Amino acid sequence: MDALASLAHGFAVALEPTKLMFAAIGVLLGTAVGVLPGIGPALTVALLLPVTFKLDPTGSLIMFAGIYYGGMYGGSTTAILINAPGESASVATAIEGNKMAKAGRGGPALATAAIGSFVAGTIATAGLAFLAPWLVQIAVNFGPWDYFGLMVLAFVTVSATFGDSPLRGLTSLTMGLALGLIGIDKLTGQSRLTFGVPELLDGVEVTTLAVGLFAVGEALFVASRFKHDPEEVVPIRGSLWMTKEDWKRSWGPWLRGTLYGFPIGALPAGGAEIPTFLSYVTERRLSKHPEEFGQGAIEGVAGPEAANNASAAGTLVPLLTLGLPTSATAAIMLAGFQQYGLNPGPLLFAENPGLVWGLVASLFIANAMLLVLNLPLIGLWVRLLAIPQPWLYAGILVFAAMGTVAAKPSVVEIGMLFVFGFIGLLMRRWDYPIAPMVVGLILGPMAEAQLRRSLQLSLGDPMVFLENPGSATLLGIAALCLIAPFVMRNLNRFKASED
């Protein structure tokens, strides 16, 4: 009942006219950037961080969440129409969705994606509303050693999950942790790694790193690649609406996709890619029309899209209750919280209940907005695909520079922005994941503070981390997550050599 009362208070906040405006802007922006290949919600939120630093925190965070939800949906439009997923989580949707579009059933494919996203997003957001308070009650009892173990687990899982190589993920994380050491040491008051530059005494701004790596790095990477012929957009023929048979074949995959997406998205090593492919494989096995798979089966669109949107709500569970990001967009949203002096975690629910529950309630509203706005605006999203890439990415560079200057007018800050952009280019070129670097900068100083506090309370005894059951369990899971990818790779090599 407490959750229902808190959610009612959240709706009172989210239904304010200004908050509704922020939600509508977020949904429209998110869908637009999801439609444009290569520009995802993480890049968009990173761009908006320096622009929104003086705006209302609740409204800005509602807008960021709307961008996240909208981006998850928008990626399905290009996946279906041009076989180019706007988001990696929409890859499974492209398998059947583009076949449906080429067969003249692009309308029902887009409709089942939109309705499935609404159904899954609503159910998963309800799960977030009722699961979050329970997790907060557990997290309130955490000691500094438990938080340190939790952050180590986050470091390992994020590094091992993003990208194809765990070693590259750990390298990216280490770079972020090194950047987190720059500035004044809070314990001794001494400057660290500032090299005599006064602007570095406050440390590296998370917004500068995020905008540099995601926005500037992506623009430079696109400019560095050879120009390819664009995919041909498949025109939408016939009705947009689903037939009675389409509804009958879609409702089961919507529910099963939700059951995959929400819990896996809430895991520290979750993400949206795993549940979408699990949903696709499940629907293929359960389908009464297996011969249609590979030719345009509507179940292959309905299930993965439901899993996709449900995982977005699942990602917000560890972010809001524990302050742990499990996706690139969640990492940038964590930077957004810190921009306003807010630290997601159990105390946030007690100190800023209006903000937290307003954000949760706004997710229900954003889901309804997505359903109402997106089906009539499909023609507009298709026209967005005609924007020339040079114009698009030149605008991103200008917007990134202006936003950084507005947030912190400094030549050093602009210089760091483009240095980080060049690093982002190199990381993309050599297939190094970017998100672990941002997570390292955000969580590194927090992990250091918890480590020092634990050692102070234990009089310098490092065994406190193993003697405490909570931290010992978390560190043990982190060690298994670290070792598992290398063991599996060696086993695969051994089997391949035997074969």
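The values are calculated or read from the model by the stated rules, or taken from the named source; none is laboratory data. As the structure is a prediction and not an experimental result, all values here were calculated from the model. Here the Cβ is made from the backbone with ideal geometry for all residues, glycine too, and neighbour counts use every protein chain on show. All accessible areas refer to the heavy atoms of the entire protein, side chains included, with ligands and DNA or RNA removed. Shrake-Rupley method; radii C 1.70, N 1.55, O 1.52, S 1.80 Å.
Within the range 115-131, the residues that satisfy the criterion of being under 16 Å from Gly300 (Cβ atoms) and surrounded by 23 or more Cβ atoms within 10 Å (Cβ to Cβ) are Gly116, Ser117, Ala120.
Within the range 185-220, the set of residues being over 21 Å from Val411 (Cβ atoms) and surrounded by fewer than 17 Cβ atoms within 10 Å (Cβ to Cβ) comprises Asp185, Lys186, Leu187, Thr188, Gly189, Gln190, Arg192. Sub-8 Å Cβ pairs linking a first residue in the range 234-252 that is among the charged types (D, E, K, R) and part of a helix (DSSP H, G or I) to a second residue that is surrounded by fewer than 18 Cβ atoms within 10 Å (Cβ to Cβ) and at pLDDT 75 or above, at least 6 apart or interchain, are Arg249/His289, ordered by first then second residue. Kindly establish whether Gly38 is closer than 30 Å to Val222 by Cβ and either modelled with pLDDT of 75 or more or part of a helix (DSSP H, G or I) (or both). No; evaluated as a whole, the condition is false for this residue.
Checked against (1) surrounded by fewer than 20 Cβ atoms within 10 Å (Cβ to Cβ); (2) closer than 30 Å to Tyr393 by Cβ, Met446 passes all but condition (2).
Just so you know, in the range 429-439 the residues that are modelled with pLDDT of 85 or more and part of a helix (DSSP H, G or I) include one that is least open to solvent (accessible area, probe 1.4 Å), and it is Met437. Which one is surrounded by the most Cβ atoms within 10 Å (Cβ to Cβ) among residues in the range 297-333 that are in a helix (DSSP H, G or I) and among the β-branched types (Val, Ile, Thr)? So the residue we want is Val301. Only a single criterion out of (1) modelled with pLDDT of 85 or more; (2) assigned to a loop (DSSP other than H, G, I, E, B); (3) open to solvent by less than 60 Å² (accessible area, probe 1.4 Å) is not satisfied by Gly460, namely (1).
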